[in-house]
1. May I ask you to sort F13, F29 by Cβ crowding, counting other Cβ atoms within 10 Å and putting the fewest first?
2. Using a Gaussian network for the chain with springs between C-alpha atoms less than 10 Å apart, which of these wobbles most: P107, P41, P53?
3. Once every Cα of the stretch 4-200 carries one equal point scatterer and solvent is ignored, give the base-10 log of I(q)/I(0) from the Debye formula at q = 0.10, 0.18 Å⁻¹, two decimals.
4. How large is ³J(HN,Hα), in whole Hz, for each residue of the stretch 6-11 in order, when computed from phi with the Karplus curve 6.51 cos²θ - 1.76 cosθ + 1.60 and θ = phi - 60°, using x for Gly and Pro?
5. What are the ³J(HN,Hα) values, in whole Hz, obtained from phi via the Karplus relation 6.51 cos²θ - 1.76 cosθ + 1.60 with θ = phi - 60°, for each residue of the stretch 64-80 in sequence order, with x given for Gly and Pro?
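What follows is calculated from the coordinates using simple rules that are stated; it is not laboratory data. What you see is a predicted model; the values in this text were computed from it and never measured. Positions of Cβ are generated from backbone atoms using ideal geometry, with glycine treated the same way; all protein chains shown enter the neighbour counts.
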Amino acid sequence: MQVKIKICGITRFEDARAAINMGADALGFVFDERSPRYIVPKMARRIIQKLPPFITKVGVFCNPTLTDIIEAVQTAGVNTIQLNGDESLDIISKINIPVIKAFTIGPDFDEAILEKYSVSAVLLDTWNKANQEFSWGIAKKTVRKKKNVILAGKLGVMNIREALDAVAPYGVDICESVEVMPGVKNPQKMGTVIKIIKEWN
């Protein structure tokens with residue numbers, strides 16, 4: 001099965017179009033106002049309305065209310081939700097479209113927490129300045145136990161092939177490594193990373 005590719009932090013249609021044309025499967029729109037990649041749902045909708053069918057549009061949140069999620073889904077037209085915070089099981093159970101739950105991996109990460117969440121996919125942020133390889137090891141063990149594991153954590157040209165070899169995830173999340181500045185993508189960098197992933201497949 002081919003590794004799925006999500007380009008996150010989309011704020012411009014030209015970046016969305018380039019990512020899709022290069023082979024991205026999903027686009028992430030950040031609805032957390034604290035993020036430098038924040039986009040208001042109305043602006044996201046202007047981009048999403050121009051996208052071709054069969055592309056996954058992911059609304060990314062951090063500790064939102066259920067109202068925040070519902071309003072963004074209705075306004076922007078995203079068809080998947082990604083939760084990056086400490087969201088409760090109760091709020092997740094009330095979301096009626098696919099949910100990706102993100103977890104930060106580190107030396108103290110307890111894999112048992114993943115069993116509490118009934119979601120469509122889990123995203124593992126493996127970035128660990130002290131020991132990146134250790135984080136990949138945890139991610140690899142998780143992939144053996146769970147389906148639909150998405151790997152994230154400053155993945156780019158320099159480490160994407162090594163990460164794929166180590167973990168072989170369902171999908172990868174690419175963001176800051178292909179940017180000129182937060183929310184503005186570099187087409188050449190996007191193309192290079194996507195090409196590496198496609199060739200690895």
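1. F13, F29
2. Result for the chain, Cα springs under 10 Å: P53 fluctuates most.
3. So the normalised log intensities work out to -0.38, -1.29.
4. So the J values, rounded to whole Hz, are 10, 9, 9, x, 6, 10.
5. x, 7, 4, 4, 4, 5, 4, 5, 5, 5, 5, 7, 7, x, 5, 10, 8
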